[in-house]
Structures are given as C-alpha cells and as structure tokens.
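**Student:** Handing you this structure, nothing more for now.
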Amino acid sequence: MTYRFWLIVCVGCVILEILPPPTHFFFVCMAFGALGASIAALFSGITWLPWVVFAVVSVALTPLMIPLAKFLFTPKPHASNVDALLGQKALVTEPIGPRAPGVVKVHGESWRAVSEKEELKKDEWAEIVKIEGASVIVRRTS
C-alpha cells in the first residue's frame, strides 16, 4: 500500500472525529497513526512497516488522550447569577450603616446594601460578603 492510502485513512479519521457523536479523540489517535504509517510507507519499501507504525502510534496515543479528553469535556462549575457577586468590589453610592441600608454599585448595577459592622461613606469601596434576599451584605475593603 502506498503513502496515499494512509493519507486518505488519516483524513477519513479526522472527518470521523469531527462528526457527531463525539468520540473524545479516539479517531485523532487513529489519524496520527495513519499519518505515521504514511511517512513510513513513503520512506520505506517494507510492506508491513506502515501497519506496525499505525498500530503502535494509535495504541500509544489512546491512553494519553483519555485524560486530555476528560479535562476538556468535563464541565467546570462556575458561579452564576447573584452567587457571582460574592467577593466582588462595590462602590458605595449611598451611605451604609450596620442597621441602615444604603446602595452600592457593582458592575454598573445598583444593589441595596447593609454593612456587617461599620459605617461606609459615599464613594468608599466595599466587598460583598453575603447575599440575603435582594440585599447584599458588605464590609470595607482592606
């Protein structure tokens, strides 16, 4: 078999990898094996050598790609909605006291805010530490 055959196998494996359902890099391993076999067929006249290169490269890459596929395709948890506000800096737009609610601005949005312990004046920076209902609990940034 010629190197052209192995190049066709390589392209076919890449196409199979792209098509759904996802095979998580199995056919990419086969494509690299076919590419190696194509190079072996191009530079060697031994007919069995491309088959050996194909098998060795494909089998060797398969266990290496499994952790990569798990890493890439496992969803990563991330904070959303109001949970994303925790730990964010907020600019005080109306004074805040421990029992006197005020207003802070976070990412261009105004939020009703209450201080943990201290009083915060207008134009001070605060950190959001907790969310209770429609209010945020803040403390002075250090």
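The values are calculated or read from the model by the stated rules, or taken from the named source; none is laboratory data. The shown structure was predicted, so the numbers you read here are calculated from the model rather than taken from an experiment. Every residue, glycine among them, receives a Cβ derived from its backbone with ideal geometry; neighbour counts consider all protein chains shown. Protein only, heavy atoms only, side chains kept; ligands, DNA and RNA dropped before computing areas. Shrake-Rupley method; radii C 1.70, N 1.55, O 1.52, S 1.80 Å.
**Student:** Just the number: Rg to Rh for the stretch 1-40, Cα atoms, Kirkwood Rh, two decimals. Intermediate values should be presented prior to the final figure.
**Tutor:** On the way: Rg = 10.1 Å, Rh = 9.9 Å.
Reported Rg/Rh (Cα atoms, Kirkwood Rh): 1.02.
**Student:** Going by alpha carbons, how many degrees (0 to 90, nearest 10) lie between the helix axis of 3-18 and the longest principal axis of the chain?
**Tutor:** It works out to around 30 degrees.
**Student:** Would you mind checking the tilt of helix 49-73 against the longest principal axis of the Cα atoms of the chain, expressed as 0 to 90 degrees and rounded to 10?
**Tutor:** 10
**Student:** Can I ask one more? What's the whole-number percent of alpha carbon pairs in the chain lying beyond 25 angstrom? Before the final figure, lay out each step's value.
**Tutor:** Details: 5577 of 10011 pairs.
For the chain, the share of Cα pairs beyond 25 Å comes to 56 percent.
**Student:** Just reorder 61, 35 by solvent-accessible area, largest first, 1.4 Å probe, all chains present.
**Tutor:** Values: 61 40, 35 65 Å².
My answer, sorted largest first, is 35, 61.
**Student:** Let me ask another. Please report, as a whole percent, how much of the solvent-accessible surface of the chain comes from carbon and sulfur atoms (probe radius 1.4 Å).
**Tutor:** Details: 6410 of 9500 Å².
Summing carbon and sulfur atoms, their accessible area is 67 percent of the total for the chain.
**Student:** Between the stretch 63-94 and the stretch 2-23, how many Å separate their Cα centres?
**Tutor:** 34
**Student:** Another question, then. Hey, what's the chain come to in accessible area per residue, 1.4 Å probe, Å²? All intermediate terms of the calculation are to be shown ahead of the outcome.
**Tutor:** Values: 9500 Å² over 142 residues.
With all protein chains present, the chain gives 67 Å² per residue.
**Student:** Okay, moving on. What is the set of long-range amide H partners of residue 136 at a cut-off below 5 Å, with H atoms built 1.01 Å from backbone N?
**Tutor:** 112, 113, 114
**Student:** Between residue 123 and residue 83, take the C-beta separation as r, use R0 = 25 Å, and let me know the FRET efficiency to the nearest 0.05.
**Tutor:** On the way: r = 27 Å, r/R0 = 1.07.
Rounded to the nearest 0.05, the efficiency is 0.40.
**Student:** Oh, and also: For 112, 140, 4, 99, give me the order by solvent-accessible area with a 1.4 Å probe, most accessible first, ignoring ligands, DNA and RNA. Please list the in-between numbers first.
**Tutor:** Values: 112 130, 140 95, 4 150, 99 220 Å².
These residues rank, largest area first, as 99, 4, 112, 140.
**Student:** Once you sort the root eigenvalues of the Cα gyration tensor of the stretch 93-142 as a ≥ b ≥ c, which label holds: rounded (a/c under 1.5), prolate (a/b larger than b/c) or oblate (the other case)?
**Tutor:** Values: a/c = 1.28, a/b = 1.07, b/c = 1.20.
Rounded, since a/c falls under 1.5.
**Student:** Starting from the 7 Å offset along Cα-to-Cβ, what nm value, one decimal, do you get for the label separation of residue 137 and residue 99?
**Tutor:** 1.7
**Student:** Residue 24 versus residue 56, label points 7 Å from Cα toward the beta carbon: distance in nm?
**Tutor:** Here the modelled spin labels are 2.8 nm apart.
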